[in-house]
Structures are given as structure tokens and as C-alpha cells.
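Participant: I am attaching a structure below and will ask some questions about it afterwards.
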Amino acid sequence: MSIIVGHGRKREVIFTVDDICEIQCYDEEKVRRLKPYASESEGAAKIFKALADDTRAKIIHILSLEDELCVCDVAAIIGSSIANTSHHLRLLRNMGLAKYRKEGKLVFYSLDDDHVRHLISAGIEHAKEQKSTVRAT
């Protein structure tokens, strides 16, 4: 049995009976031990939301490979307009993932810290593994 929402072509399976427990129970010791850690993830979704956009993921990736790049360089590398690239860079800056400095008429961006570099690197490594797994099957 599947739970389906939507109508017409916009139908989506939310979950199937294989996705949920058939009875409701939990391990009290594990819940008590791990529950305090649940709040540590607050704020992390903002980072992953930024990375969920292909253009921003590309920008973060290329910024992870260089100390800093001007907006024009980033736009040329990702094959986008300067206006669109600038918009995405500004969002990344507002989300605390990138920082910028202005030098004359040029604006240079870099990653805010190494945590962002590690996140995108791990994501790219995982995506490569997924692609090779799909090819192997």
C-alpha cells in the first residue's frame, strides 16, 4: 500500500508500508541518549538548502578550488550571466557560506571557511561514487 498525494500528473508517493514500522515502539535508552543531539542540527538545513541549487553548488565547488575569484571569472567558469552569478553569490554571502571584498571596480568572492570546502568536497565525492555504482549495474 502506498500513500499518494496530488492529482493528475502531479502525483507523488509519500511513503509505502515498507517505509514505516508496522508497530509503534522505541528503544528508551537510545532515545534518552540521542535526543539532546537533535537540536545540534539546527541551522544545518540552511547550508544544505544553499547546496541544493545546481548553480550555487557549482559556484561553491569552484570557489573551493581557488582562494578567491571575481564575479566575472565565476560567471565565465559556470557559463552564466554576471547578473545571475552575482545574485547567487550574494545569496551565498547572506547565508554565511561565502565572503567578498571589493578592489576598485572588481568584487572578489571566497568561501567563508574550510567547513564549506569540506562539505562540497564530500558531496562531490559521494556523487562520483553514486555515478560509478550506477554505471557498474
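The values are calculated or read from the model by the stated rules, or taken from the named source; none is laboratory data. All values derive from a computational prediction rather than experimental measurement. Virtual Cβ from ideal backbone geometry, glycine too; neighbours counted across all protein chains shown. Each accessible area value is taken on the protein alone, full model and side chains, heavy atoms only, with ligands, DNA and RNA left out. Shrake-Rupley method; radii C 1.70, N 1.55, O 1.52, S 1.80 Å.
Participant: Can you pull out every residue in the range 64-74 that is in a helix (DSSP H, G or I) and over 24 Å from Glu125 (Cα atoms)? It would help to see each step written out before you state the result.
Facilitator: Applying the first criterion (in a helix (DSSP H, G or I)) to the range 64-74 yields 64, 71-74.
Of everything in the range 64-74, those that are in a helix (DSSP H, G or I) and over 24 Å from Glu125 (Cα atoms) turn out to be Val71, Cys72, Asp73.
Participant: In addition: It is to be established whether one or more residues within the range 39-52 are open to solvent by 70 Å² or more (accessible area, probe 1.4 Å) and at pLDDT 95 or above.
Facilitator: The answer is no, given that none of the residues of the range 39-52 is open to solvent by 70 Å² or more (accessible area, probe 1.4 Å) and at pLDDT 95 or above.
Participant: Exactly one condition in (1) open to solvent by less than 40 Å² (accessible area, probe 1.4 Å); (2) outside any helix (DSSP H, G or I); (3) at pLDDT 95 or above is not met by Gly96; state its number.
Facilitator: Against the list (1) open to solvent by less than 40 Å² (accessible area, probe 1.4 Å); (2) outside any helix (DSSP H, G or I); (3) at pLDDT 95 or above, Gly96 comes up short only on (3).
Participant: Let me ask something else about it. Conditions first: (1) open to solvent by less than 100 Å² (accessible area, probe 1.4 Å); (2) modelled with pLDDT under 85; (3) over 30 Å from Leu91 (Cβ atoms); (4) within 27 Å of the chain's Cα centre (by Cα). Ile14 passes all but one, so which condition is the exception?
Facilitator: That leaves (3) as the condition not met.
Participant: Ile78: β-branched (Val, Ile, Thr), touching a Lys or Arg at 6+ places or on another chain (Cβ under 7 Å) and surrounded by 14 or more Cβ atoms within 10 Å (Cβ to Cβ), yes or no? Give the steps one after another, and end with the answer.
Facilitator: Details: β-branched (Val, Ile, Thr): yes; touching a Lys or Arg at 6+ places or on another chain (Cβ under 7 Å): yes; surrounded by 14 or more Cβ atoms within 10 Å (Cβ to Cβ): yes.
Yes, satisfied.
Participant: Scan the range 53-67 residue by residue and report those that are under 13 Å from Ser110 (Cβ atoms) and surrounded by fewer than 17 Cβ atoms within 10 Å (Cβ to Cβ).
Facilitator: Across the range 53-67, the qualifying residues are Ile62, Leu65, Glu66, Asp67.
Participant: If you don't mind, another one. Within the range 119-127, can one find any residue that is more than 25 Å from Glu42 (Cα to Cα) and of a type in the set (Val, Ile, Thr)? Explain how you work it out, then say what you get.
Facilitator: To start, the set of residues in the range 119-127 that are more than 25 Å from Glu42 (Cα to Cα) comprises none.
There is no residue in the range 119-127 that is more than 25 Å from Glu42 (Cα to Cα) and of a type in the set (Val, Ile, Thr).
Participant: For the range 99-137, give me each residue that is β-branched (Val, Ile, Thr) and either part of a helix (DSSP H, G or I) or loosely packed, with under 10 Cβ neighbours inside 10 Å (or both).
Facilitator: As a first pass, look at the range 99-137 and keep what is β-branched (Val, Ile, Thr): 107, 116, 120, 124, 133-134, 137.
Hits for the range 99-137 are Val116, Ile120, Ile124, Thr133, Val134, Thr137.
Participant: Using beta carbons and a limit of 8 Å, which pairs, at least six apart or on different chains, have the first residue in the range 49-60 and among the hydroxyl-bearing types (Ser, Thr, Tyr) and the second one part of a loop (DSSP other than H, G, I, E, B)?
Facilitator: Matching pairs, first to second residue: Thr55/Ser80.
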